[in-house]
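Data first, discussion second: the structure below is written as structure tokens.
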């Protein structure tokens, strides 16, 4: 096997986040479930947007955030995702490339669909509730993959969110074949408890057949395995034979390698401003460590460090070079 | 004269800011003059954008920021400006309306030009250097004004920047006629030292004939009057018979009412993150006080308070309700 050109290649939705502060009443009034992601159509997105307060726009997308994090740590990431032929598409492409991610926008077929946006409401506790309009992301399909890039990545990282789009699911399955055929690794993020619930059977099959590293928070992993507690979840993860990272917000993270459970504390944060991207950046730190031969405990600590940076400000991309924090913290 | 429906009506460029941190080398390498605004064409904007790092997008525009500030203080502002028929236009319109500004996008003639963007580079000292692509803003003309709205505003606030666009200049002249005819007041912001220099004769004529309140920083006022020092500038302002506010960054502000000079200190700031909008928000605070019958010293203090909030974070719009700060500071 040749040396990997990329540490991690992410496949996911290319989204520009539109982020506004709000209160819990707004979340309730609009029938949102706090802390989760809901897909919206254009009309529903407009209704929410019209009611939202002043916002800022920052590129997002779960796997894209993870790749931005890996670049910020000094790693070599690649991202495959579809943007529309519009200004937000330009902005997305600019921002991911500006931090050093090799961005592959899929085959250059013209799309009439707009770049995806996610209306993110941040409540005073820092929790984020997301409403995604997928737009051009719904066109991601097998033809958008680049086989050579996939073969050249140490790990290919997939969003569970992709299961909401039939063509993307086909793309992921094709990607897994290529990646496993090349002797490389597949990582999966469960993305959201409802995603885990909606696509349980298919995700369990994917995990059994192809996934080497699984990321999820407690809600997501409990939802996937219909587990009632940590022990129940661990016993199902043992059967699944994956390296699993379960993030537990302020309680830190539990890493399970099939035999041993490693618990790592959350890194200290002065004030939780916006939790958007916490899981994405944990995955970035963990995968950076993993692809650089670090011990699992250190991988998890780097993940916790990256997550702590991103929840200390608005937006799901690092505001400071994580490489500096890595050095400062002696990792 | 009937009671004013608006405290202040702003006429200016409707711009979405694209803000990135950079270093002084970048400013030098790209031939920019630190702390100023340069107009760019599409090709030049693309060159700068391609070279810029990760950015965030936040609505801006000088007079628009001022109107957002007045709304945040609890005042009643209106803004007239042109956006493109595109996503950034939607974003601009959403963000200004979400904070409570009555947004009048001019006559609803379809434009093919994109919404204006401003590439803002913020150096480690917090100073901002701006590169504006005016796009749809170049179409602002006399027909975009709404006479009834102009007559209904206590003060009409104009950006010096508008002098760079011939049709906008005609619009401003028409607006001044309407405003003065209705017995209302005109305020002018000089915007930029190069703007003051490029359009000196015309701006001096406007100030003599129509302007009641003049805003500018030291560089801008010195540039306009070709003054070498504060005394020289004050003597020219005395001749001009305007109420003048000269902002002096960390040195605070000097207000000159034709006879008396009032000096007000800058409000304390823990860390200057991004000076974008400092002048705009000073004007917001001053005009809020002025249109609510406050003494000039208090007007300047409210301005200093609003400016201090906006330079403590990225972006030129207040992040917290300025009304709360007003109450907290006992104004």
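Every number here is computed from the coordinates shown, using simple stated rules; none is lab data. Quick caveat, the model's predicted, so the values are computed rather than measured. Backbone-built Cβ (ideal geometry, glycine too); neighbour counts: all protein chains shown.
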For B:48, A:158, B:15, ascending order of other Cβ atoms within 10 Å (fewest first) is B:48, A:158, B:15
What is the Cα coordinate range of segment B:243-331 on the first, second and third principal axes, sorted by size from largest, in whole angstrom?
37, 24, 17
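How big is D for chain B, in µm² s⁻¹ as a whole number, if Stokes-Einstein is applied with the Kirkwood radius of its Cα pairs at 10 °C and 1.306 mPa s?
Values: Rh = 19.4 Å.
In µm²/s, the coefficient is 82.
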What ranking of B:41, A:197, A:192 emerges when the number of other C-beta atoms within 10 Å of each C-beta is taken as an exposure proxy, fewest first?
B:41, A:197, A:192
What span do the alpha-carbon atoms of segment A:130-260 cover on each of the three principal axes, reported in whole Å from largest to smallest?
41, 36, 26
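Mean projection of the alpha-carbon convex hull of the protein assembly as shown over all orientations, in nm²?
Numbers: hull surface 115.9 nm².
Answer in nm², one decimal: 29.0.
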Could you tell me the extents of segment B:194-241's C-alpha atoms along the three principal axes, largest first, rounded to whole Å?
25, 22, 15
Taking the axis of the rotation relating chain A to chain B, the A residue whose Cβ comes closest, together with that distance in whole Å, is A:57, 2
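What translational diffusion coefficient, in µm²/s and rounded to a whole number, does the Stokes-Einstein relation yield for segment A:72-166 at 20 °C and a viscosity of 1.002 mPa s, taking the hydrodynamic radius as the Kirkwood radius over Cα pairs?
Details: Rh = 14.9 Å.
The diffusion coefficient I find is 144 µm²/s.
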Defining the label point at 7 Å along Cα→Cβ, can you sort the distances from residue B:28 to the same site in each other copy, shortest first, in nm?
5.8
Find how many whole Å separate the alpha carbon centroid of segment A:134-174 from the alpha carbon centroid of segment B:119-147.
39 Å
Compute the label zone of residue B:229 within segment B:242-264: residues whose backbone N is under 13 Å from the point 7 Å along Cα-to-Cβ.
none
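As a test of the formula, what do you get for chain B when each DSSP H run with n ≥ 4 contributes -39,500 (n - 2.57) and the sum is divided by the residue count, at 222 nm and rounded to the nearest 500 deg cm²/dmol? Intermediate results must be reported in sequence, preceding the final value.
Working: 13 runs with 131 residues, N = 331.
Computed ellipticity for chain B at 222 nm equals -11500 deg cm²/dmol.
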List the distances, in nm and shortest first, from the label point of residue B:228 to the matching label points in every other copy, placing each point 7 Å from Cα along the Cα-to-Cβ direction.
8.8
In cubic angstrom per residue, the convex hull of segment A:186-273 built on its Cα atoms measures 95 Å³
List the distances, in nm and shortest first, from the label point of residue B:324 to the matching label points in every other copy, placing each point 7 Å from Cα along the Cα-to-Cβ direction.
2.8
What's the center-to-center distance, using Cα atoms, between segment A:221-275 and segment B:213-278 in Å?
58 Å
If you average 1/r across every pair of different Cα atoms in segment B:1-104 and take the reciprocal, what Kirkwood value do you get, in Å?
15.4 Å
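Two decimals is fine: what's Rg over Rh for segment B:139-203, C-alpha atoms, Kirkwood radius as Rh? Kindly include the intermediate steps, with their values, before the conclusion.
Details: Rg = 11.7 Å, Rh = 12.1 Å.
Using Cα coordinates only, the ratio equals 0.97.
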Could you list A:220, A:231 so that the one with the fewest beta carbons within 10 Å of its beta carbon is first and the one with the most is last?
A:231, A:220
Residues in segment A:315-331 reached by a label modelled at residue A:265 [backbone nitrogen below 18 Å; 7 Å Cα→Cβ]
A:329-331
